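Everything on this sheet refers to the single structure shown next.
The values are calculated or read from the model by the stated rules, or taken from the named source; none is laboratory data. Bear in mind the structure is a predicted one, so any value in this text is a computation, not a measurement. Note: ideal-geometry Cβ built from the backbone for every residue, glycine included; neighbour counts use all protein chains shown. Quick note on the areas: whole protein, heavy atoms, side chains included, nothing else; ligands and nucleic acids left out. Shrake-Rupley method; radii C 1.70, N 1.55, O 1.52, S 1.80 Å.
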Amino acid sequence: MERFERKRVNVDGLLEEEPMVAYGTQMIRRKITIRSMERSELSEESIEGLVAQLRVVSWRGPENHCTPVCWDFAFTDPMIEILQSGRGAQGILLAHMKDQSIQDQIVMLLGGMGDEESIWPIIETLTDGSEVTIDRQAKRLNLIGNLALTNLTVSEVIWHHGGGVSFDQCGDMPRSCWSKWWLDRKNSFKVDVGGDRIYTNYPNYGIYAQFGDTSVP
């Protein structure tokens, strides 16, 4: 299994469902028996083609419908395909990070399928300053960067447990706060599954996909 860690795969197996009662509630226990597993990562050419589509298919960006955790990311079709493409897409996305026409989408995607190599490039897109002193695009990138970095790091830099109330001291200084957080940890930090991950607003694929759940919100 380790050789397929965080890679796109095709799985052939059997799903079994067994009714059960837990704490007085009727539930279903699911068991998956894997027969075979093969890599199915997209080619670099295919991923580049999807990146090109990002410039054509507009993305409205994230919207919050109930503070603080109910986010709707409204991913477009090419964004979803990139999220599902596997870890191999990270290098291609990073190569397009300076493309301002799709920079917000690149940051958002890296937050769902990147690793520690994406953290500093995302931090570099952030801007310190109050709402009065930074422009609309900078505020949009700050929001998207905070969402992406919170998902990657499972940290409490901006939001308590990544999904609770915000920390006022970092509200206007996201670049400084994330930079300090990263400089203190860059030599040892690894993106991994687990931790006290209350923040779960990315769909159920990418780096935190839950085994056996194939739903796409």
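With a Förster radius of 30 Å applied to the beta-carbon distance between GLN53 and ILE134, the computed FRET efficiency rounds to 0.55. Whole-Hz Karplus values for the range 72-79 come out as 10, 8, 6, 4, 7, 4, x, 5 Hz, taken residue by residue from phi with 6.51 cos²θ - 1.76 cosθ + 1.60 and θ = phi - 60°; glycine and proline positions read x. Please work out the FRET efficiency for the pair ARG30 and HIS65, using the Cβ-Cβ distance as r and a Förster radius of 25 Å; give the result to the nearest 0.05. After rounding, the FRET efficiency stands at 0.25. Rolling a 1.4 Å probe across the protein heavy atoms gives the range 66-134 an accessible surface of 39 Å² per residue.
Multiplying the residue separation of HIS160 and ASP184 by 0.36 nm and removing their Cα-Cα distance gives an extension gain of 6.8 nm.
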